[in-house]
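*Asks:* Structure in structure tokens, see below.
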Amino acid sequence: MKHALITGITGQDGSYLAELLLQRPEHDYVVHGLVRRSSSINRNRIDHLTADPALKERFKLHYADLSDASSLTRLIHEIQPDEVYNLGAQSHVRVSFDQPIYTVDVVAVGTLRLLEAVRELHAQGIKPVKFYQASSSEMYGSAPPPQGPHTPFHPRSPYACAKLYAHYQTINYREAYGMFACSGILFNHESPRRGENFVTRKITLGAARIKEGLQRKLALGNLEAKRDWGFAGDYARAMWMMLQRDTPRDFVVATGETHSVREFLDLTFGMLGLDPDDFVEFDPRHTRPSEVDVLQGDPSEAREILGWTPKVDFRGLVAMMVEHDLELARREKYARSYIPMS
Ligand code: NDP
Ligand code: GDR
């Protein structure tokens, strides 16, 4: 059995990656997830895995935190993982302007804390440990598109600067200590499990609630920004494929297509027979002090060397999210109809 440790298991990507590892026909993974304490339980993305009796011995959650070095060292020594996927982060770009120091602590120094814990195990030579770092297309920032493995980085937010630090530390641990450590520079990827304050999910959920009469307006920021949006399930597969290689190497993972927020909005509302101009309002609170205007990845190395291609296209992604959120809105409406009005 291989032991995989996933930080950020309660997030969008962590949940897809855990599923992918646990649902392999070979049943060859024990998945360990790092969870942090919160006043109310926020594990809805992985509840189905926790509840599955067949996974009782193969899915384990452990309390720790990327801001707490001792908890990471303890966990790495207890589990002795074969693979470590570092997906944990304060991952919201706009929020990173409000909480820059916290973001850097978790995203940048947190990665360093985890790398140090893995290095200690690596130095003991008990078994080889493979390390995956969740790098981001935000590191390219204002670099002109298409952005690929040879494009110089130009980060535009505290989040992006922190990710760039973690990216270079990962490279340095590979070069300095001979560790199998690599980064996936992933462009935006979305799904029905995307957090509700990222723009795609905000749009699909907002439009579905408008359709069902549960919401009247949708407040958004900059509609002209362009992103290379893919499906999170496809991107979790790329992470796993990167750790199955014999030699560590960083890859850009993207679809190669770019679309504006406005296009995403039009397609979503169009699918529901609505006109966004009737409902969308501009709210400057959702803009950023420095914006990333256009991201469009060059995934040719991922395709040619890693053998990865995405299975879900832009329209398929929007349709999947709209269908999910419409169902959610209908359930909300149904539940509300049973609450007596005061
Ligand atoms: P989410 O925001 O959905 O999930 C973030 C996860 O990190 C959650 O499980 C969260 O736990 C956890 N976390 C936050 N702070 C800490 C901490 N101090 N210690 C331990 N865990 C913590 O992100 P995604 O799943 O979308 O992204 C996964 C990773 O990939 C992130 O690192 C993100 O920055 C990066 N990335 C994402 C892209 C995308 O388009 N989705 C693109 C490129 C990179 P909790 O549930 O308790 O809050
Ligand atoms: P991003 O994703 O910043 O690319 O980071 P987000 O969905 O937050 O923004 C995408 C673009 O949409 C514009 N926008 C809005 N964004 C939000 N959140 N809310 C709004 O109301 C809104 N209106 C317009 C933004 O200005 C931006 O241009 C995501 C995260 O998952 C990161 O962790 C990851 O590293 C990158 O993708 C790749």
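*Asks:* So, of the residues in the range 249-268 that are open to solvent by 20 Å² or more (accessible area, probe 1.4 Å) and not in a helix (DSSP H, G or I), which turns out to be nearest to residue 287 (Cα to Cα)? Before the answer, list the steps.
*Replies:* Step one: filter the range 249-268 for residues open to solvent by 20 Å² or more (accessible area, probe 1.4 Å), giving 249-250, 255-259, 262-263, 266-267.
With the extra rule that they be not in a helix (DSSP H, G or I), the set shrinks to 249-250, 255-259.
Details: 249: 35, 250: 31, 255: 25, 256: 25, 257: 23, 258: 20, 259: 18 Å.
So, considering only residues that are open to solvent by 20 Å² or more (accessible area, probe 1.4 Å) and not in a helix (DSSP H, G or I), the one nearest to residue 287 (Cα to Cα) is 259.
*Asks:* Specify the residue that is farthest from ligand 2 (Cβ to nearest atom); the eligible residues are those in the range 198-223 that are closer than 21 Å to residue 332 by Cβ and of a type in the set (S, T, N, Q).
*Replies:* 215
*Asks:* Moving to a separate point now. For the range 288-316, name all the residues that are in a loop (DSSP other than H, G, I, E, B), surrounded by 12 or more Cβ atoms within 10 Å (Cβ to Cβ) and touching a helix residue (DSSP H, G or I) at 6+ places or on another chain (Cβ under 8 Å).
*Replies:* If the condition is that a residue be in a loop (DSSP other than H, G, I, E, B), surrounded by 12 or more Cβ atoms within 10 Å (Cβ to Cβ) and touching a helix residue (DSSP H, G or I) at 6+ places or on another chain (Cβ under 8 Å), then 288, 292, 295, 308, 309, 310, 312 are the ones that fit.
*Asks:* Could you identify the single residue in 118, 84 that is buried (at least 18 other Cβ atoms within 10 Å of the Cβ), modelled with pLDDT of 95 or more, under 28 Å from residue 194 (Cβ atoms) and not hydroxyl-bearing (Ser, Thr, Tyr)? Let's see the steps before the verdict.
*Replies:* Numbers: 118 fails: under 28 Å from residue 194 (Cβ atoms).
Just a single option satisfies the conditions, and that option is 84.
*Asks:* Quick test of your reading of the structure: residue 195 fulfils all but one of (1) on the phi < 0 side of the Ramachandran plot; (2) more than 11 Å from ligand 2 (Cβ to nearest atom). Name the failing condition by number.
*Replies:* That leaves (2) as the condition not met.
*Asks:* Okay, moving on. Within the range 277-285, does at least one residue satisfy the condition of being surrounded by 19 or more Cβ atoms within 10 Å (Cβ to Cβ) and out of contact with any helix residue (DSSP H, G or I) (no Cβ under 9 Å at 6 or more places or on another chain)?
*Replies:* Narrowing the range 277-285 to residues surrounded by 19 or more Cβ atoms within 10 Å (Cβ to Cβ): 280.
Still in the list and also out of contact with any helix residue (DSSP H, G or I) (no Cβ under 9 Å at 6 or more places or on another chain): none.
Among the residues of the range 277-285, not one is surrounded by 19 or more Cβ atoms within 10 Å (Cβ to Cβ) and out of contact with any helix residue (DSSP H, G or I) (no Cβ under 9 Å at 6 or more places or on another chain), which makes the answer no.
*Asks:* Output the residue which, of all residues in the range 76-97 that are more than 11 Å from ligand 1 (Cβ to nearest atom) and of a type in the set (A, V, I, L, M), is farthest from residue 131 (Cα to Cα). Give the steps one after another, and end with the answer.
*Replies:* Of the residues in the range 76-97, the ones more than 11 Å from ligand 1 (Cβ to nearest atom) are 76-84, 94, 97.
Restricting the remaining residues to those that are of a type in the set (A, V, I, L, M) gives 76, 79, 84.
Numbers: 76: 12, 79: 14, 84: 5 Å.
For the range 76-97, the residue satisfying everything is 79.
*Asks:* State the number of residues belonging to the range 236-289 that are within 16 Å of ligand 1 (Cβ to nearest atom), touching a strand residue (DSSP E or B) at 6+ places or on another chain (Cβ under 9 Å), of a type outside the set (A, V, I, L, M, F, W, C) and within 30 Å of residue 130 (Cα to Cα).
*Replies:* Total satisfying the criteria: 3.
*Asks:* Under 6 Å between Cβ atoms, at least 6 apart or on separate chains: pull out the pairs that start in the range 13-38 with a residue that is among the acidic types (Asp, Glu) and end on any residue that is open to solvent by less than 10 Å² (accessible area, probe 1.4 Å) and outside any strand (DSSP E or B).
*Replies:* 13/232; 13/236
*Asks:* Moving to a separate point now. Any chance you could count how many residues in the range 32-82 are among the hydrophobic types (A, V, I, L, M, F, W, C) and either more than 21 Å from residue 114 (Cβ to Cβ) or in a helix (DSSP H, G or I) (or both)? It would help to see each step written out before you state the result.
*Replies:* The first filter runs over the range 32-82 and keeps only residues among the hydrophobic types (A, V, I, L, M, F, W, C), leaving 34-35, 41, 46, 49, 51, 54-55, 59, 61, 64, 66, 69, 72, 75-76, 79.
From what's left, either more than 21 Å from residue 114 (Cβ to Cβ) or in a helix (DSSP H, G or I) (or both): 41, 49, 51, 54-55, 69, 72, 75-76, 79.
Within the range 32-82, residues that are among the hydrophobic types (A, V, I, L, M, F, W, C) and either more than 21 Å from residue 114 (Cβ to Cβ) or in a helix (DSSP H, G or I) (or both) number 10.
*Asks:* All but one of (1) within 15 Å of ligand 1 (Cβ to nearest atom); (2) open to solvent by 20 Å² or more (accessible area, probe 1.4 Å); (3) assigned to a helix (DSSP H, G or I) hold for residue 17; state the number of the condition that does not hold.
*Replies:* (2)
*Asks:* Looking at the range 1-14, which of its residues are open to solvent by 40 Å² or more (accessible area, probe 1.4 Å) and assigned to a strand (DSSP E or B)? Steps first, please.
*Replies:* Keep residues of the range 1-14 that are open to solvent by 40 Å² or more (accessible area, probe 1.4 Å), which gives 1-3.
Those that are open to solvent by 40 Å² or more (accessible area, probe 1.4 Å) and assigned to a strand (DSSP E or B): 2, 3.
*Asks:* Okay, moving on. Give the number of residues within the range 69-94 that are under 22 Å from the mean Cα position of the chain (by Cα) and without any contact (Cβ under 8 Å) to a residue 12 or more places away in the chain.
*Replies:* Qualifying residue count, the range 69-94: 0.
*Asks:* Okay, next question. Out of the residues in the range 8-34 that are of a type in the set (S, T, N, Q) and within 14 Å of residue 52 (Cβ to Cβ), which is nearest to ligand 2 (Cβ to nearest atom)?
*Replies:* Initially, the range 8-34 is screened for residues of a type in the set (S, T, N, Q), giving 10, 12, 15, 23.
Adding the requirement that they be within 14 Å of residue 52 (Cβ to Cβ) leaves 15, 23.
Details: 15: 14, 23: 24 Å.
If we take residues in the range 8-34 being of a type in the set (S, T, N, Q) and within 14 Å of residue 52 (Cβ to Cβ), then 15 is nearest to ligand 2 (Cβ to nearest atom).
*Asks:* Would it be correct to say that residue 175 is open to solvent by 10 Å² or more (accessible area, probe 1.4 Å) and either touching a residue at least 60 places away in the same chain (Cβ under 8 Å) or not in a loop (DSSP other than H, G, I, E, B) (or both)?
*Replies:* Working: open to solvent by 10 Å² or more (accessible area, probe 1.4 Å): yes; either touching a residue at least 60 places away in the same chain (Cβ under 8 Å) or not in a loop (DSSP other than H, G, I, E, B) (or both): yes.
The answer is yes for residue 175.
The values are calculated or read from the model by the stated rules, or taken from the named source; none is laboratory data. Since the model is a prediction, treat every value here as computed from it, not as a measurement. A quick note on method: Cβ atoms are made from the backbone with ideal geometry, for glycine too, and the neighbour counts reach across all protein chains shown. Quick note on the areas: whole protein, heavy atoms, side chains included, nothing else; ligands and nucleic acids left out. Shrake-Rupley method; radii C 1.70, N 1.55, O 1.52, S 1.80 Å.
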